[in-house]
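Taking it in order: structure first as structure tokens, then the write-up.
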Amino acid sequence: MDGDTRGLGTRVGGGRGAVSRRLLLLGGAGSIALLAGCGLRLDLPQPPAPVPTRRPAADETLLLAVVTDLAGLVTAAGQVLAADDTDASTVRTVRAVRSVLRSQLAVVRGRLTNAGVPTRTVDAAARAVPGTAAVRSASALASRLDAVGPAQWQRVAAASAETRRLLTTAYAARLASGVLLGGDVALSAPSPARPAVVARTQPLVYAFEVVAAQSSGRQRRTAETTLEALTRLEAAVSGPGTNLPAGWSLPFPVTSSADASRLATHTLSAAVETTASLAGASPTAAALDDVARWSAHVQAVATRWDLPLTAFPGATT
């Protein structure tokens, strides 16, 4: 009896185990069939999750193009400095120009990386300088600096207000560098900004009439040279037959040579500082070009009074 019971128990237990294994196998096969029916292949690795697409920064394409342009100009300035026939005076000017260009490049790069543009993308733009003939003279560099055309100004005019202010001042400093290197940086055709340009130029002429009258010696000669340059600039922006008003109120009394020197630096600095705003709140490309080229000549004159070029005149970076 006991033996029969043990045998029965063994047969029943073995049956349950066998059934359970068969059901498991059948269930697994059914699951595989179900997954295969859904188009999934369990014998292949699953594709990785999609990488999120980076949202471009504001004005990214424009600023990357500016990085490429500035990197090329820095290289060109270095080529001029490496030329054997570059005289000492030119070397000093080119070094100052290269310093301004490097500062501009550093700021624009920083704007891009701070906005989330990968460093490798910015570095690639800096290396994307097209292969061109080496620049070996100051005049050739000046021509490169003056190569800011309508297409570039159209892109700047269409940019955000912050980028527009930054690049307008950067291009103005670049054009001023061309003037200092002896380039013929021509003024643009009259634009909607021209009345504001004239209104800033005429007081400069009057101020330097006072500066010259109250100066002596070397300062007087510098004042007279500056007055001649500003008078030519005023005639160019105002057109023929324009008479200067009788005078303007000076910011402070000028009764000595020291006062005259202070007036010179004060008025020139104030004029340069208007570069970022003179074209107005919603300027056209022509207005930006007009203001930048006028500013370039004022900046060049200002260096005679120990006011050095700055990378972004009148803009906060």
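The values are calculated or read from the model by the stated rules, or taken from the named source; none is laboratory data. None of these values were measured; they are calculated from a predicted model. Every residue, glycine among them, receives a Cβ derived from its backbone with ideal geometry; neighbour counts consider all protein chains shown. Note: accessible area is taken over every heavy atom of the protein model, side chains too, but ligands, DNA and RNA are not part of it. Shrake-Rupley method; radii C 1.70, N 1.55, O 1.52, S 1.80 Å.
Tell me whether the stretch 251-265 contains one or more residues that are open to solvent by 20 Å² or more (accessible area, probe 1.4 Å), among the small types (Gly, Ala, Ser) and within 20 Å of the chain's Cα centre (by Cα).
Scanning the stretch 251-265, I find no residue that is open to solvent by 20 Å² or more (accessible area, probe 1.4 Å), among the small types (Gly, Ala, Ser) and within 20 Å of the chain's Cα centre (by Cα), so the answer is no.
Residues to consider are Val237, Val272; find the one that is within 23 Å of Glu162 (Cβ to Cβ), among the aliphatic types (A, V, I, L, M) and open to solvent by less than 40 Å² (accessible area, probe 1.4 Å).
That would be Val272, the only listed residue that is within 23 Å of Glu162 (Cβ to Cβ), among the aliphatic types (A, V, I, L, M) and open to solvent by less than 40 Å² (accessible area, probe 1.4 Å).
Residues are listed down the side, and each one gets a yes or a no for (1) aromatic (Phe, Trp, Tyr); (2) surrounded by 12 or more Cβ atoms within 10 Å (Cβ to Cβ); (3) closer than 12 Å to Asp289 by Cα:
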residue: Pro118; (1), (2), (3): no, no, no
residue: Val122; (1), (2), (3): no, yes, no
residue: Pro130; (1), (2), (3): no, no, no
residue: Ala140; (1), (2), (3): no, yes, no
residue: Ala151; (1), (2), (3): no, no, yes
residue: Ala158; (1), (2), (3): no, yes, no
residue: Leu167; (1), (2), (3): no, yes, yes
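Return only the number of the condition from (1) closer than 22 Å to Ser103 by Cβ; (2) open to solvent by 20 Å² or more (accessible area, probe 1.4 Å) that Val66 does not satisfy.
For Val66, the exception is condition (2).
Working carefully through the options Val148, Val129, Val135, Val108, find the one that is more than 22 Å from Ala270 (Cα to Cα) and part of a helix (DSSP H, G or I).
Just one listed residue meets the conditions, Val108.
Looking at the stretch 236-256, is at least one residue touching a residue at least 40 places away in the same chain (Cβ under 8 Å) and closer than 19 Å to Thr169 by Cα?
no
Kindly list, by first and then second residue, each pair from a residue in the stretch 295-317 that is at negative phi to a residue that is modelled with pLDDT under 95 and surrounded by 18 or more Cβ atoms within 10 Å (Cβ to Cβ), limited to pairs with Cβ atoms under 6 Å and residues at least 6 apart or on different chains.
That search, which allows pairs on different chains as well, returns Ala315/Ala276.
Any idea which of Asp289, Asp259 is under 19 Å from Val148 (Cα atoms), in a helix (DSSP H, G or I) and at pLDDT 95 or above?
Asp289
Considering only residues of the stretch 200-223 that are buried (at least 19 other Cβ atoms within 10 Å of the Cβ) and among the small types (Gly, Ala, Ser), which is nearest to Thr255 (Cα to Cα)?
Here the residue is Ser215.
For the stretch 95-116, enumerate the residues that are of a type in the set (S, T, N, Q) and either more than 17 Å from Ala311 (Cα to Cα) or open to solvent by 60 Å² or more (accessible area, probe 1.4 Å) (or both).
Answer for the stretch 95-116, where residues must be of a type in the set (S, T, N, Q) and either more than 17 Å from Ala311 (Cα to Cα) or open to solvent by 60 Å² or more (accessible area, probe 1.4 Å) (or both): Ser99, Thr113, Asn114.
Looking at Ala57, Ala49 in this structure, which one is farther than 30 Å from Leu307 by Cβ and modelled with pLDDT of 95 or more?
Ala57
Name, by its number, the condition in (1) open to solvent by 40 Å² or more (accessible area, probe 1.4 Å); (2) closer than 28 Å to Leu181 by Cβ that does not hold for Trp248.
(2)
Would you confirm whether or not the stretch 293-307 contains a residue that is open to solvent by 20 Å² or more (accessible area, probe 1.4 Å), in a loop (DSSP other than H, G, I, E, B) and touching a Ser or Thr at 6+ places or on another chain (Cβ under 8 Å)?
yes
Does any residue in the stretch 55-80 that is of a type in the set (Asp, Glu) come within less than 8 Å, Cβ to Cβ, of a residue that is open to solvent by less than 20 Å² (accessible area, probe 1.4 Å) six or more places away or on a different chain, and which pairs are these?
Asp59/Ala159; Asp59/Thr163; Glu60/Leu112; Glu60/Val117
Considering only the stretch 275-292, how many residues are under 21 Å from Leu230 (Cβ atoms), in contact with a Phe, Trp or Tyr (Cβ under 7 Å, 6 or more places away or on another chain) and either open to solvent by 10 Å² or more (accessible area, probe 1.4 Å) or without any contact (Cβ under 8 Å) to a residue 24 or more places away in the chain (or both)?
Count: 1.
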